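Visitor: Have a look at this one.
Readers should treat all values here as calculations from the given coordinates under stated rules, not as data from a laboratory. These numbers come from a predicted model, not from an experiment. FYI the Cβ positions are ideal-geometry reconstructions off the backbone, even for glycines, and counts take in every protein chain you see.
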There are 4 protein chains.
Amino acid sequence: MAGPSEDKRRLILAAAVRVFAREGYHDARVGDISKEAGVAYGLVYHYFTSKEAVLEAVFRETWGLMLAAIHDVEERGGPAPDQLRRVCKIVLRAWGDDPDLVRVLVREVARSPQIQREIDEIEQAFAALERIVARGQEEGTFTKDLAARTVALMLYGALEEILTAWVLGQLPDDEDAVAEAERTIVALFTNGLAR
Amino acid sequence: MAGPSEDKRRLILAAAVRVFAREGYHDARVGDISKEAGVAYGLVYHYFTSKEAVLEAVFRETWGLMLAAIHDVEERGGPAPDQLRRVCKIVLRAWGDDPDLVRVLVREVARSPQIQREIDEIEQAFAALERIVARGQEEGTFTKDLAARTVALMLYGALEEILTAWVLGQLPDDEDAVAEAERTIVALFTNGLAR
Amino acid sequence: MAGPSEDKRRLILAAAVRVFAREGYHDARVGDISKEAGVAYGLVYHYFTSKEAVLEAVFRETWGLMLAAIHDVEERGGPAPDQLRRVCKIVLRAWGDDPDLVRVLVREVARSPQIQREIDEIEQAFAALERIVARGQEEGTFTKDLAARTVALMLYGALEEILTAWVLGQLPDDEDAVAEAERTIVALFTNGLAR
Amino acid sequence: MAGPSEDKRRLILAAAVRVFAREGYHDARVGDISKEAGVAYGLVYHYFTSKEAVLEAVFRETWGLMLAAIHDVEERGGPAPDQLRRVCKIVLRAWGDDPDLVRVLVREVARSPQIQREIDEIEQAFAALERIVARGQEEGTFTKDLAARTVALMLYGALEEILTAWVLGQLPDDEDAVAEAERTIVALFTNGLAR
DNA sequence: GATGAATGAGATTTCATTCAT
DNA sequence: AATGAATGAAATCTCATTCAT
C-alpha cells in the first residue's frame with residue numbers, strides 16, 4: 001500500500017498542490033509539477049490520466065480528510081452550538097495547517113467548472129452543516145424559523161469567504177486573527193439562530 | 001455615446017455574457033463571442049484589447065451598477081437592519097434579473113485569478129457592507145463585539161453562496177425561494193449582530 | 001472560387017503531396033507541410049481539421065480526377081478491350097505525370113487504415129473496371145466464365161502493383177517501360193478474358 | 001529450441017499477430033501485445049529489440065513458410081500452369097488458415113514503409129513467380145511476348161488484391177468464394193499467357 | 001468601422017524504450 | 001528469465017492575437 005510507487009504518487013500530488021497554489025491550476029504546466037516533484041514528465045501520466053485528474057485527486061483526497069473530521073465532530077455529539085464551533089475550527093485551522101492546499105481548494109475547486117461542484121463530496125459538507133443546524137433546532141437551541149439548508153449554505157459561504165480573504169491577503173491571518181474569525185462566525189451564527 | 005458603433009460594442013458585450021455563462025470564460029473562444037454577436041471576428045479586437053478585457057468590461061460595467069444601487073441605499077439612510085435588507089434584496093434579485101450575468105460574475109470573477117479580486121470595485125462592495133454594519137454598531141442596534149469588516153466578509157460570502165447555489169441548481173430559485181433566502185440572510189445577520 | 005484563400009489551400013495540398021511522398025504520411029510532421037508550403041503552421045489547421053484530413057483531401061481531390069477520366073472513357077464507348085486499354089493508360093500514365101502523388105496514393109491510401117478503403121471513391125473505381133469487363137462479356141468479346149467483379153479486383157491489383165514497383169524502384173520506369181507495362185497488362189487481361 | 005523461454009517468445013509473436021490484426025501496427029501499443037500474451041511489459045523487449053522488430057519477426061517467420069511451400073511446388077515440377085495453380089492455392093488458402101496473419105501481412109508489410117519491401121524475402125516471392133512464368137515460356141505453354149517479370153508482378157498484385165478484398169470484407173470469403181477466386185486467377189493468367 | 005485570413009507559441013498527451021530489481 | 005515503474009522526446013492541435021484590405 002505504501003510501496004515505493006505509492007510514494008511517488010504522493011510526491012506528485014504534494015508537488016501539484018504547491019504548483020497549483022503558486023501558479024494557479026490553469027497556468028500550471030504539467031512539466032512544472034514533474035519538476036517540482038523531481039520526477040520525469042511522463043510519470044505524472046503514469047499515475048494520473050490528465051492534469052485535471054491530478055487536481056481532482058488533490059481535492060478528493062484532502063476533502064475526504066476534512067469530511068472525516070467533520071463527521072467525527074458529529075459522532076462525538078454534544079450541543080449543536082458546540083459542534084458548530086468545532087466544525088468552524090476545523091475549517092479555519094486548515095489555513096494555518098496547509099495554506100497551499102487551502103489556496104488551491106478555494107481558488108480552483110470551490111466554484112470552478114473544472115471540478116463540478118455538484119460532486120458528492122461537496123454536497124456532503126453541506127449536508128453535515130445542515131444536520132448540525134437541524135440538530136440544534138430539534139434540541140430547541142436554534143430557531144425553527146429558518147430553513148436549515150439555507151443556513152448551512154450561508155455558513156459554508158461565510159467560512160469560504162474568510163478563507164478566501166486570507167488567501168488573497170485581504171485580512172490578517174495571524175493566530176489572533178484566526179481565533180477572532182472563529183469567534184465571530186460562531187457568535188454570528190449561534191446568535192443568529194437563537195430562538 | 002449611443003452611436004451605431006457603440007451599439008456594436010454593446011452587442012459584443014451582451015453576447016460575451018451569454019457565451020461566458022454557457023461555456024465558461026476559459027472554454028469560450030473569441031470566435032464564439034463574435035458569432036453569438038453576429039459580427040466579424042476582428043471586431044471584438046476593435047473594441048476590446050483582449051478576451052480578458054471583455055470579461056473585465058462585463059464585470060466593471062455591471063458591478064458598477066450594483067455598487068451604485070448599494071450606495072443609493074446608504075444615501076437614503078434609515079436603520080442599519082433596513083439598509084442591510086435592501087442591499088441583500090439588490091444582490092439576490094440580480095439572479096432573477098439576469099441569470100447569465102450572475103453566473104459569469106459568480107463563476108469567473110468572484111475568486112478567479114483572471115480578474116484580480118483586489119481591484120477596487122470588489123473592495124468597494126466590502127466597504128459598503130462594512131459601513132452598514134458599523135453604522136448599526138454606532139446606532140446601538142448591532143453589537144460592537146464583532147469586527148465590522150469580518151462580519152461584512154461573512155455577509156458577502158453568504159450572499160455569494162446563495163447565488164452560487166442557484167447558479168449550480170443546488171437550491172430552488174423560484175420567487176418564493178428568493179424571498180425566503182432574503183428573509184433568512186437578513187434574519188440571520190440581524191439577529192446574529194443583535195446586542 | 002479561386003480567391004487568394006483558395007490558393008493557399010491548394011498550396012498546402014500540393015506541399016502535402018510532396019512531403020508525404022518524401023517522408024511518408026506518418027513520419028511527416030504538420031510543420032513540414034507548412035514549411036514546404038511557405039505558410040504558417042496554424043494555417044494548415046485553418047483549412048483542414050487534422051493531418052489526416054489533409055491526406056484525405058489529397059486523395060479525394062485527385063482520385064476524383066482519375067474517376068472522371070475513367071468515366072469519360074466509358075462514356076466515349078467503343079469495344080471493351082479498347083476501353084480497358086484506355087483506362088490502363090490513364091492509371092499508368094499517372095506515374096509519369098505526378099510521381100509524388102502516385103507514391104502517396106499507393107503507399108498511404110491504397111490499403112491504409114488511415115483512409116478507410118471502403119469509402120465510396122475506391123469502390124467506384126472497382127465498379128468502373130467491373131462495368132467494362134461486364135460490357136465485354138455482353139458484347140461477346142469476353143468470356144462469361146469469370147466473375148466480372150473478381151476480374152476487376154485483379155486488374156486493379158495488377159495495376160497497383162506495377163505502380164508500386166515503380167514507386168519502390170523495383171522496375172524500370174522510363175517511357176518504354178511504361179509503354180511495355182501497359183501493353184503487357186492489356187494483353188494479359190484481354191487474352192485472359194478471351195472466349 | 002523449444003525450451004520454456006522459446007515458448008514465451010512464440011506466445012508474444014502470436015499475440016502480436018492478433019493485436020496488429022486488430023488495431024494495426026501503428027496503433028498497437030507494446031503494452032497491448034504484452035497484455036494479450038499475458039506476459040510482463042518488459043519481456044517483449046527481452047525477446048525483441050523494438051516494436052518494429054516484432055513485426056519483422058512476424059513477417060520473416062511466416063513468409064519463410066510460404067516461400068518454402070512455393071519452392072516445394074517448383075521442386076516437384078510439373079507443367080507451369082499446374083505450378084501456377086498450386087502457388088495460387090497456397091497463397092489464397094492462407095486466408096482461411098490464419099486470417100489475422102494475412103491481415104497483418106497485407107496491411108502492414110505489403111507496401112509499408114516500416115518493413116522495406118526490397119528486403120530479400122519479398123523479392124524471392126517475385127522471383128519464384130517469375131521463374132514459373134519463365135518456365136512456361138520455355139516449355140512453350142506461355143507466350144514469350146510478355147516479360148516474365150512484369151507478369152509476375154501483376155500476378156502478385158492480383159493475388160494480394162484478392163486477399164485485401166477479403167481482409168476488408170469487400171468480397172465473400174467462404175470456401176466456395178475462395179475456390180472461385182483461385183479458379184479465376186489461374187484461368188485469367190493461364191489464358192492470358194497462352195500462345 | 002469592419003472583415004476574416006494568417007500567425008505561431010505553447011500545452012497536453014502518448015508511448016517506445018530503458019533499467020533497476 | 002521476468003517484471004513494470006520510470007523516462008522524456010516528439011507530435012498534434014488550439015486559439016488568442018495581428019494585420020492587410
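Visitor: Scan region C:5-19 and give yes if some residue there is out of contact with any Gly (no Cβ under 6 Å at 6 or more places or on another chain) and within 19 Å of C:Leu163 (Cβ to Cβ), otherwise no.
Guide: First, pick out the residues of region C:5-19 that are out of contact with any Gly (no Cβ under 6 Å at 6 or more places or on another chain): C:5-19.
With within 19 Å of C:Leu163 (Cβ to Cβ) added as a condition, the list becomes C:17-18.
Looking through region C:5-19, at least one residue is out of contact with any Gly (no Cβ under 6 Å at 6 or more places or on another chain) and within 19 Å of C:Leu163 (Cβ to Cβ).
Visitor: Answer yes or no as to whether B:Ser50 is surrounded by 14 or more Cβ atoms within 10 Å (Cβ to Cβ) and within 16 Å of DNA strand E (Cβ to nearest atom).
Guide: No; evaluated as a whole, the condition is false for this residue.
Visitor: Inspect region B:120-134 for any residue being part of a helix (DSSP H, G or I) and within 7 Å of chain A (Cβ to nearest Cβ) and give the result as yes or no.
Guide: no
Visitor: While we're here: Please state which of the following conditions C:Phe142 fails to meet, knowing it meets all the rest: (1) buried (at least 24 other Cβ atoms within 10 Å of the Cβ); (2) under 14 Å from the mean Cα position of the chain (by Cα).
Guide: For C:Phe142, the failing item is (2).
Visitor: Write out, first by first residue and then by second, each pair whose Cβ atoms fall under 9 Å of each other, whose residues are 6+ apart or on separate chains, and whose first residue, in region A:61-79, is under 20 Å from A:Ala16 (Cβ atoms) while the second is surrounded by 15 or more Cβ atoms within 10 Å (Cβ to Cβ) and small (Gly, Ala, Ser).
Guide: From residues that are under 20 Å from A:Ala16 (Cβ atoms), the pairs are A:Thr62/A:Ala94; A:Trp63/A:Ala125; A:Met66/A:Ala94; A:Met66/A:Ala125.
Visitor: Inspect region B:73-80 for any residue being away from every other protein chain (no Cβ under 14 Å), within 16 Å of DNA strand E (Cβ to nearest atom) and under 18 Å from the mean Cα position of the chain (by Cα) and give the result as yes or no. Please lay out each step first, then the result.
Guide: Looking only at region B:73-80, we keep the residues that are away from every other protein chain (no Cβ under 14 Å), and these are B:73-80.
Retained after the next criterion (residues that are within 16 Å of DNA strand E (Cβ to nearest atom)): none.
No, region B:73-80 contains no residue that is away from every other protein chain (no Cβ under 14 Å), within 16 Å of DNA strand E (Cβ to nearest atom) and under 18 Å from the mean Cα position of the chain (by Cα).
Visitor: Looking at B:Val104, B:Val87, can you tell me which residue is among the hydrophobic types (A, V, I, L, M, F, W, C), touching a Phe, Trp or Tyr at 6+ places or on another chain (Cβ under 6 Å) and more than 24 Å from A:Glu180 (Cα to Cα)?
Guide: Details: B:Val87 fails: touching a Phe, Trp or Tyr at 6+ places or on another chain (Cβ under 6 Å).
B:Val104 is the lone residue from the list that is among the hydrophobic types (A, V, I, L, M, F, W, C), touching a Phe, Trp or Tyr at 6+ places or on another chain (Cβ under 6 Å) and more than 24 Å from A:Glu180 (Cα to Cα).
Visitor: Additional query: If you go through region C:77-109, how many residues are surrounded by fewer than 20 Cβ atoms within 10 Å (Cβ to Cβ), basic (Lys, Arg) and over 18 Å from C:Thr190 (Cβ atoms)?
Guide: Matching residues across region C:77-109 total 1.
Visitor: Quick check on region A:27-47. Is at least one of its residues in contact (Cβ under 8 Å) with a residue 40 or more places away in the chain and not aliphatic (A, V, I, L, M)?
Guide: no
Visitor: Oh, and also: Restricting attention to region A:138-158, does a residue exist that is within 8 Å of another protein chain (Cβ to nearest Cβ), small (Gly, Ala, Ser) and touching a strand residue (DSSP E or B) at 6+ places or on another chain (Cβ under 8 Å)?
Guide: no
Visitor: Kindly provide the set of residues from region C:164-192 that are more than 7 Å from every other protein chain (Cβ to nearest Cβ) and in contact with a Gly (Cβ under 9 Å, 6 or more places away or on another chain), ordered by number.
Guide: C:Asp173, C:Glu175, C:Val178, C:Thr190 - these are the residues of region C:164-192 that are more than 7 Å from every other protein chain (Cβ to nearest Cβ) and in contact with a Gly (Cβ under 9 Å, 6 or more places away or on another chain).
Visitor: Something else now. Go through the residues of region C:25-42 one by one and say whether even a single one is surrounded by fewer than 13 Cβ atoms within 10 Å (Cβ to Cβ), more than 17 Å from C:Val109 (Cβ to Cβ) and more than 12 Å from DNA strand E (Cβ to nearest atom).
Guide: no
Visitor: Something else about it: Only residues that are part of a loop (DSSP other than H, G, I, E, B) and among the charged types (D, E, K, R): list them for region C:137-195, please.
Guide: Result: C:Lys144, C:Asp145, C:Asp173, C:Asp174, C:Arg195.
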